[in-house]
Each structure stands twice: as structure tokens, then as C-alpha cells.
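Reading through the C-alpha cells given below for one structure.
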Amino acid sequence: MYELTCIGCGPGDPDLLTVKAVNAIKKADIILCPTSKTGKTSMALSIISKFLVDPKPKIVNLVFPMVTNKQILDESWKTNSKILLDYVLSGQNTVYITIGDPHLYSTWIYMHKKIEQQNQQIKIKVIPGITSIFTFAAKANIGIGEASDKIAIVPSCYDLSTICELAKNCDTLVFLKDGRHFEQIIKILVKSGFPNTSKFVIGQDLDTDKEIIHKTTLGKITKDILTTKYFSIMVVKRA
Ligand SMILES: C[S@@+](CC[C@H](N)C(=O)[O-])C[C@H]1O[C@@H](n2cnc3c(N)ncnc32)[C@H](O)[C@@H]1O
């Protein structure tokens with residue numbers, strides 16, 4: 001049976017890769033790396049690069065455009081899953097890499113679905129990675145869930161109309177995917193009555209030399225701590 005391995009590479013620090021992930025990288029013939037634009041270096045590839053050993057695996061970039069148009073997305077999933085499948089069916093040891101954990105907002109989820117639809121003869125193995133959420137929690141020293149806390153994970157670049165409801169029903173709200181929407185979200189949280197004394201942490205570019213983290217309370221946020229970076233996280237925890 002043919003085999004395909006997906007590796008979660010964590011948010012940036014290569015030392016956060018699991019031993020299992022490093023062993024799989026060392027055995028790979030082909031490494032497929034998602035990237036948002038042709039010619040752009042894959043973030044996942046830069047995380048694992050120090051573990052590439054001779055004979056070096058072939059590196060193949062797969063372009064996934066960062067758009068919300070379902071048709072364009074579906075086309076890219078079809079094209080990329082076909083490339084992936086061709087390598088797997090050639091009998092080479094094929095590894096797909098992705099940032100954080102593969103099961104949280106990752107292109108892997110779509111690749112996995114497409115491959116399952118096309119071919120049942122492939123043994124798929126997924127090696128989990130540390131998600132940006134828990135790297136952030138560790139750096140910002142914020143407990144994401146305590147006792148009966150209810151937690152919401154919200155991708156900020158989509159419909160924000162449910163945030164008011166989430167703010168009423170959850171204790172911790174974690175916002176990912178695009179800091180450009182965070183200012184608007186903060187306004188909604190305040191309007192929805194989330195307590196002003198709630199813990200507020202915001203971070204960008206974790207595990208890079210551009211990393212910034214700020215901690216305050218919801219009522220004391222100042223504009224200068226906000227971010228417009230895609231690689232940003234914001235956590236608000238009820239007081
Ligand atoms: C497409 S999602 C991928 C999530 C990833 N699978 C995970 O488990 O963390 C991309 C979002 O994850 C967050 N993220 C991932 N890596 C990050 C990093 N190094 N610094 C800050 N945010 C990061 C940001 O919110 C970004 O918009």
C-alpha cells in the first residue's frame with residue numbers, strides 16, 4: 001500500500017517539532033510545501049530546513065491562493081491534490097508539511113479530503129504539530145481554559161456577525177487569521193458587554209525575530225498595540 005505522511009511543523013521554532021516529525025523528514029524523498037504565491041518561500045519549509053539531510057529530498061511548492069472564492073479554492077485543491085497523489089503513487093516516500101497543527105485551518109484538510117475521494121489505497125499518517133494558539137498561550141502566560149470555561153476559536157477574516165453571541169456564551173475567545181480585523185472585533189466585544197477587566201493578549205509573528213506580544217485588559221487597549229499582520233493572534237479571557 002502507498003503511504004503519505006503529513007507533518008505539523010508548529011508555528012516557527014524548529015525545536016518545537018516532534019521527534020516523530022524530524023524522523024519522518026529525514027526519511028522523505030519528496031517534501032510538498034504549501035505556499036500562497038509562486039516563488040514565495042513556504043513558512044513550513046523554513047521551519048524544517050535544518051533537519052534536511054543528504055541525500056536531500058526533492059522540494060515541491062504547491063500554490064494555494066489566499067482568496068475566499070470557493071471556485072478558485074476548489075480548483076487549487078484539485079490541482080494540488082493531483083500533484084500530491086502522483087508523487088505518492090510513484091512509490092516515493094512523500095511528506096506534506098504545514099504550519100502549526102494540520103487539523104486547524106490548514107490546506108492539509110482539503111488535500112486529505114480530495115485524496116480520500118480519489119484513491120482508497122493510500123495509508124495516510126498525520127503527525128500533529130504545536131498550534132500557534134498554545135505557543136502563544138505559553139509565551140503570553142495565559143490559561144486558555146480553566147474549570148468549566150467555554151472556549152471559542154474564531155477566524156477573523158470571515159463573517160463577524162456571530163461574535164456578539166460568542167462573547168455572551170464563551171469565557172475565552174481566541175482570534176486567528178488576520179490582525180486587520182482585530183480592531184473591529186474589539187469594538188464588537190466591548191459593545192456586547194464583555195467585561196472591561198477581562199485579560200487581553202495580542203501577538204504577531206511568533207517565533208520569529210519580529211515577534212511582538214502585548215498584555216493588557218479589554219478596557220485599557222490602546223491603538224499602538226494593535227496589529228495588521230496576517231500572522232497574528234488575539235485572546236480575550238473573561239475576568
Ligand atoms: C491558516 S491558519 C494556520 C493555523 C495553524 N495550522 C496552527 O495550528 O496554528 C494561519 C493563522 O494561524 C496563526 N498563526 C500561525 N502561525 C503563527 C505565528 N508564527 N505567529 C502568529 N500567528 C500565527 C495566525 O492567526 C494565522 O493567521
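The values are calculated or read from the model by the stated rules, or taken from the named source; none is laboratory data. Here the structure is a predicted model, which is why all the values come from computation and not from measurement. Every residue, glycine as well, gets a Cβ built from its backbone with ideal geometry; the counts of neighbours run over all protein chains shown.
Restricting to region 172-190, name every residue that is of a type in the set (S, T, N, Q) and in a helix (DSSP H, G or I).
Hit for region 172-190 is Gln184, nothing else.
Would you confirm whether any residue within region 60-74 is over 24 Å from Arg238 (Cβ atoms) and hydroxyl-bearing (Ser, Thr, Tyr)?
Yes, some residue in region 60-74 is over 24 Å from Arg238 (Cβ atoms) and hydroxyl-bearing (Ser, Thr, Tyr).
Without any contact (Cβ under 8 Å) to a residue 40 or more places away in the chain and either more than 30 Å from Ile213 (Cα to Cα) or in the same structural domain as Asn23 (by TED's automatic domain parsing) (or both), is that true of Lys150? Reasoning before the result, please.
On the way: without any contact (Cβ under 8 Å) to a residue 40 or more places away in the chain: yes; either more than 30 Å from Ile213 (Cα to Cα) or in the same structural domain as Asn23 (by TED's automatic domain parsing) (or both): no.
Answer is no for this residue.
What residue, among those in region 164-215 that are more than 10 Å from the ligand (Cβ to nearest atom) and among the acidic types (Asp, Glu), is farthest from the chain's Cα centre (by Cα)?
Looking at the filtered set, the residue picked out is Glu165.
Within the set of pairs 6+ apart or on separate chains, which have a first residue in region 100-121 that is in the same structural domain as Lys82 (by TED's automatic domain parsing) and more than 8 Å from the ligand (Cβ to nearest atom), a second that is at pLDDT below 95 and of a type in the set (Asp, Glu), and C-beta atoms under 6 Å apart?
Matching pairs, first to second residue: none at all.
Go through Leu189, Leu218, Leu166 for me and flag whichever is touching a Phe, Trp or Tyr at 6+ places or on another chain (Cβ under 8 Å), touching a residue at least 12 places away in the same chain (Cβ under 8 Å) and surrounded by 15 or more Cβ atoms within 10 Å (Cβ to Cβ).
Of the residues listed, the single one that is touching a Phe, Trp or Tyr at 6+ places or on another chain (Cβ under 8 Å), touching a residue at least 12 places away in the same chain (Cβ under 8 Å) and surrounded by 15 or more Cβ atoms within 10 Å (Cβ to Cβ) is Leu218.
Without any contact (Cβ under 8 Å) to a residue 40 or more places away in the chain, among the hydroxyl-bearing types (Ser, Thr, Tyr) and away from the ligand (no atom under 14 Å from the Cβ): does that describe Thr35?
Taking the combined requirement at face value, the residue does not satisfy it.
Taking region 217-236 as the search range and keeping residues that are closer than 14 Å to Phe194 by Cβ and not in a helix (DSSP H, G or I), which one is farthest from the ligand (Cβ to nearest atom)?
Across region 217-236, the extreme among qualifying residues is Thr217.
Please verify whether Pro65 is touching a residue at least 40 places away in the same chain (Cβ under 8 Å) and touching a Leu at 6+ places or on another chain (Cβ under 8 Å), treating the condition exactly as stated. If you could, list the steps in order and put the result at the bottom.
Values: touching a residue at least 40 places away in the same chain (Cβ under 8 Å): no; touching a Leu at 6+ places or on another chain (Cβ under 8 Å): yes.
Spelling it out, it is not the case that Pro65 is touching a residue at least 40 places away in the same chain (Cβ under 8 Å) and touching a Leu at 6+ places or on another chain (Cβ under 8 Å).
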